[in-house]
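Step one of this worksheet: look at the structure below.
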Amino acid sequence: MSDLLKRLEAQLEHRLKELPAGSYVTELSQAGHHMMATTLVEKAYQMVEACAEEDAGNPGDVPAAAANVLFHWMLLLKAYGHDLSTVERELMQRFDLR
């Protein structure tokens, strides 16, 4: 796992625990897991739209959309008490990457 993802995961964990005022993570956390999941779906749809823009020859911001999906996915994962290492283990088992 990259250092950046580890740092982001630690920051998300901290914000979910501390719920600092004015934090986007706090806002989503207080809205509940359903809102976090709904936001992830919205961000995923925006990524699909960005890909469609690029397919049509227009500049779609796929990397920015992917960053949004990754952020919201990690937030939801942490909110349910899971972490990236759990997902890594699942992928390693699934694709026999020992």
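Each reported figure results from applying straightforward, stated rules to the coordinates on display, with no laboratory input. Remember, predicted model here, so these are calculated numbers, not experimental data. Note: ideal-geometry Cβ built from the backbone for every residue, glycine included; neighbour counts use all protein chains shown.
List the lysines whose Cα lies under 22 Å from the Cα of Lys17, skipping any in the same chain that are fewer than 8 positions away.
The reachable lysines, counting only those whose Cα sits under 22 Å from Lys17, are Lys6, Lys78.
I need the helices of the chain that pass two filters: whole DSSP H segments spanning 24 Å or more by Cα along the axis, and mean Kyte-Doolittle score no lower than 0.5.
Membrane-span-like by this rule: 62-79.
If you average 1/r across every pair of different Cα atoms in the chain and take the reciprocal, what Kirkwood value do you get, in Å?
Here the Kirkwood hydrodynamic radius works out to 14.8 Å.
Of Ala66, Gly22, Leu40, which is farthest on the positive side of the dipole of the stretch 3-94, counting Cα position, with +1 on Lys and Arg Cβ, -1 on Asp and Glu Cβ, and the Cα centre as origin?
Gly22
How about the stretch 46-98: which chymotrypsin sites (Phe, Trp or Tyr not before Pro) there are in a DSSP loop, with at most 13 other Cβ atoms within 10 Å of their Cβ?
Tyr80, Phe95
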